[in-house]
Amino acid sequence: NIRRAYTLEACLDLTGAWVVSVRFGRIGARGRRMVYPFKEEMEALALVRERLLKRLTARKRIGVDYAILRLSIHARWADKLALGKGYSEVFNFKSFAVENS
């Protein structure tokens with residue numbers, strides 16, 4: 001079964017700390033959720049960047065590329081992610097938004 005879901009979210013919690021949540025697993029199954037708290041924004045950004053770049057190696061690891069169905073990035077992070085050339089070529093973006101809020 002190669003049908004998998006992968007969700008990556010980064011947000012501020014009520015105390016002002018950054019929280020990165022990663023959910024993954026086979027579609028239709030319960031899956032797993034991992035939560036990473038960070039005091040600094042740049043630490044959270046580094047984890048998000050690392051996880052997104054790892055998706056580039058999917059074909060080699062699991063035999064298929066990931067298709068991003070929706071990508072929404074805060075304007076503050078859009079340039080900081082600097083994922084490099086080739087990222088948008090590998091992923092098939094269905095929806096892309098840069099948020100200002």
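The values are calculated or read from the model by the stated rules, or taken from the named source; none is laboratory data. It should be emphasised that the depicted structure is a prediction, and the values quoted were computed from it without experimental measurement. Methodologically, a virtual Cβ is constructed for each residue, glycine included, from the backbone with ideal geometry; neighbour enumeration extends over all protein chains shown.
Structure above, values below:
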| read-out | value |
| --- | --- |
| Test: Lys85 is out of contact with any strand residue (DSSP E or B) (no Cβ under 9 Å at 6 or more places or on another chain), closer than 16 Å to Cys11 by Cα and modelled with pLDDT under 80 | no |
| Residue under evaluation Ile73, criteria (1) β-branched (Val, Ile, Thr); (2) at pLDDT 75 or above; (3) under 14 Å from the mean Cα position of the chain (by Cα), criterion not met | (2) |
| First in segment 22-41 and farther than 13 Å from Leu12 by Cα, second anywhere and among the β-branched types (Val, Ile, Thr) and assigned to a strand (DSSP E or B), Cβ under 8 Å, 6 or more apart | Val22/Thr7; Val22/Val35; Arg23/Thr7; Phe24/Thr7; Arg33/Val22; Met34/Val22 |
| Answer from Ala5, Ala67 - the residue that is among the aliphatic types (A, V, I, L, M), within 13 Å of the chain's Cα centre (by Cα) and at pLDDT 80 or above | Ala5 |
| Subset of segment 12-37 (residues that are more than 16 Å from the chain's Cα centre (by Cα) and part of a strand (DSSP E or B)) | Arg26 |
| Meets criteria (in contact with a strand residue (DSSP E or B) (Cβ under 9 Å, 6 or more places away or on another chain), surrounded by 11 or more Cβ atoms within 10 Å (Cβ to Cβ), more than 18 Å from Ile68 (Cβ to Cβ) and not aromatic (Phe, Trp, Tyr)) for Glu9 | no |
| Candidates Arg51, Arg59, filtered to the one that is modelled with pLDDT under 85 and in a helix (DSSP H, G or I) | Arg59 |
